[in-house]
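What follows is a short report on a single structure.
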Amino acid sequence: MRDSYDVLVIGGGQAGIPLAHALAAAGKSVALAERKWLGGSCINFGCTPTKAVITSARIAHLARRAADYGISVAGVEVDFAAVLTRARDISESMRGHLRQGFEGRANPALIEGHARFLGKDGGQFRLAVGEREVRAAQVVLDTGTRSAIPPIEGLADIDHIDSENWLEHRELPARLAIVGGGYIGLEMAQFYRRMGSEVVVIERGEQIAGHEDRDVAAALGRILGGEGIEFRLKSSASRFRRSAAGVTVAIEHEGAEETLEMSHVFVALGREPNTDQLGLETIGLEVDAHGIVPTDARLASAVSGVWAAGDIRGGPMFTHSAWDDYRILASQLAGDGSRTCARIVPYAMFTDPELGRVGIGEDEARRQGRRIRVGRFDIADNGKARERGETAGFIKVIADADDDRLLGAAVLAPEGAELVHLYVTLMNAGAPYTVLERAIQIHPTLAEAAQSAVAAIE
């Protein structure tokens, strides 16, 4: 195996792997360094296994509602360990497929081990990858993020669950405290509740889903609350203690303290970048206060020849934006350099109903002082939703009052993560919302609700 490459990609995530293959196909000598598992957070503990267990939870939920559809189902039993095994099997299968893509190949080469800069020698970077030393003319950082675990008193003394180790906790929590009411916290709250856990979500902000419009967050809270999930808003977990029941959680709320007796704790307080053990100081590359590698629109860092992709480069931290980073970097390193991160990035929260989002919300648009028009449509008024027996939620679209172009949309609806792409396409085309308003949608479909929302614009 050679020890000098045109490009070394550090991290086998959703940007790193396709980039390594693309650059090798373009004639560059490429190596990919990965210290643990191929596939990054998405395949190993994020998107893939979480959506697998969320699907199992939805099946259990629908089975309990079977009588609503005229079907009799006698007793719904959850085999929690089997649910996790199914998710783990799917992840391992996908990870194995990624490994097969490197087997028998010298280019791109897969080097297993932790990668760290040692410095620069002439026109090449020196790096240690495990026990080897390699050199590369250019380096792409795709090292991802890890769960942010704050220094809360007693947290280090309990066996807490987080977004990386949850698959290893094969016992269904009887009473689960989820610290953090963001996207991960809410998805997992509904999953565990539908599995049979009692769930309390502790959120320091005035609303759950703090980046969303107030009416969207409130509607989502009502839906989840209707399934029995409890919320403690404007509250912070201040202390953890082991107890006979499992864990005593002390919560501070507006100067008062409340204690909860829980069996387990799930910490969902965000992610922090894996940039602290890369030896960046040896090449003079500085990160910001949050550990993010600052990049320009080309994903180039402040050090020539070093690029960043995925979560560590800041901005939207989604698998699909990381995958698009690969396309940007392939353009920069082996193409015409035309692609940049001037782009529209949608996202979704995979609760049930799903929340599909793109662009800015109404609250942000008003804070910016924009002239806007708003359209809203309740899912209960859509025929397909009524036929499905899933009528919770609404769609809200924000349009520029001057040119009728969409500024953003929130789709809290069945298949919301799919429906939002109607608006994504419209926004990428720079077309006015009237294009969708005048189109013909199949009846009966949920897509009619997306059309009805733009037709309702003031």
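The values are calculated or read from the model by the stated rules, or taken from the named source; none is laboratory data. Owing to the predicted nature of the structure, the values given are computational and were not obtained by experimental measurement. In this analysis, Cβ positions are derived from the backbone assuming ideal geometry, glycine residues included, and neighbour counts consider all displayed protein chains.
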Handout entry: Where a residue in the range 206-219 is within 16 Å of ALA268 (Cβ to Cβ) and its partner, wherever it lies, is hydroxyl-bearing (Ser, Thr, Tyr) and modelled with pLDDT of 95 or more, with Cβ under 8 Å and at least six apart
Key = ALA209/TYR183
Handout entry: Odd one out for ASP311, checked against (1) charged (D, E, K, R); (2) outside any loop (DSSP other than H, G, I, E, B); (3) under 26 Å from ALA429 (Cβ atoms)
Key = (3)
Completion exercise
Looking across the range 231-247 at residues that are closer than 19 Å to ASP159 by Cα and charged (D, E, K, R), the single one that is surrounded by the most Cβ atoms within 10 Å (Cβ to Cβ) is ARG239
Completion exercise
Of the conditions (1) in contact (Cβ under 8 Å) with a residue 60 or more places away in the chain; (2) within 16 Å of ASP213 (Cα to Cα), the single one that ARG367 does not satisfy is (1)
Practice task
Say whether the condition of being among the small types (Gly, Ala, Ser) and over 19 Å from GLY27 (Cβ atoms) is met by at least one residue in the range 348-356.
Solution key: yes
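Any idea which of ARG170, ARG193 is touching a Ser or Thr at 6+ places or on another chain (Cβ under 9 Å) and basic (Lys, Arg)? Please lay out each step first, then the result.
Values: ARG193 fails: touching a Ser or Thr at 6+ places or on another chain (Cβ under 9 Å).
Criteria check complete, one pass: ARG170.
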Exercise for the section: Could you list all residues from the range 136-172 that are crowded, with 22+ Cβ neighbours inside 10 Å, over 17 Å from the mean Cα position of the chain (by Cα) and either without any contact (Cβ under 8 Å) to a residue 40 or more places away in the chain or not assigned by TED's automatic domain parsing to the domain that holds GLN277 (or both)? Expected result: ILE161
Completion exercise
By my count, helices (runs of 4 or more DSSP H) wholly in the range 1-103 with at least 2 residues that are hydrophobic (A, V, I, L, M, F, W, C) and within 30 Å of ALA128 (Cα to Cα) are 16-25, 40-44, 80-100
Fill in the blank from the handout: Checked against (1) surrounded by 20 or more Cβ atoms within 10 Å (Cβ to Cβ); (2) within 19 Å of VAL216 (Cα to Cα), ARG204 satisfies every condition except (1)
Practice task
Residues that are of a type in the set (A, V, I, L, M) and under 22 Å from TYR183 (Cβ atoms): find the helices (runs of 4 or more DSSP H) completely inside the range 370-458 holding 2 or more of those.
Solution key: 416-429
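I'd like to check which strands (runs of 3 or more DSSP E) are fully inside the range 261-308 and have at least 2 residues that are surrounded by 15 or more Cβ atoms within 10 Å (Cβ to Cβ) and among the charged types (D, E, K, R). Please lay out each step first, then the result.
Numbers: elements: 264-267, 271-273, 306-308.
Filter on the range 261-308 gives 271-273.
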Problem - All positions within the range 427-444 that are closer than 26 Å to ALA219 by Cα and crowded, with 16+ Cβ neighbours inside 10 Å - result: MET427, TYR433, LEU436, GLU437
Problem - strands (runs of 3 or more DSSP E) lying entirely in the range 117-200 (those with 3 or more residues that are of a type in the set (A, V, I, L, M)) - result: 124-129, 132-141, 175-179
Exercise for the section: Mind listing just one residue for me: the one in the range 324-368 that is polar (S, T, N, Q) and assigned to a loop (DSSP other than H, G, I, E, B) and, of those, farthest from ALA392 (Cα to Cα)? Expected result: SER338
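ARG204 - would you say it is of a type in the set (Lys, Arg), within 22 Å of GLY361 (Cβ to Cβ) and outside any helix (DSSP H, G or I)?
Values: of a type in the set (Lys, Arg): yes; within 22 Å of GLY361 (Cβ to Cβ): yes; outside any helix (DSSP H, G or I): yes.
Yes, satisfied.
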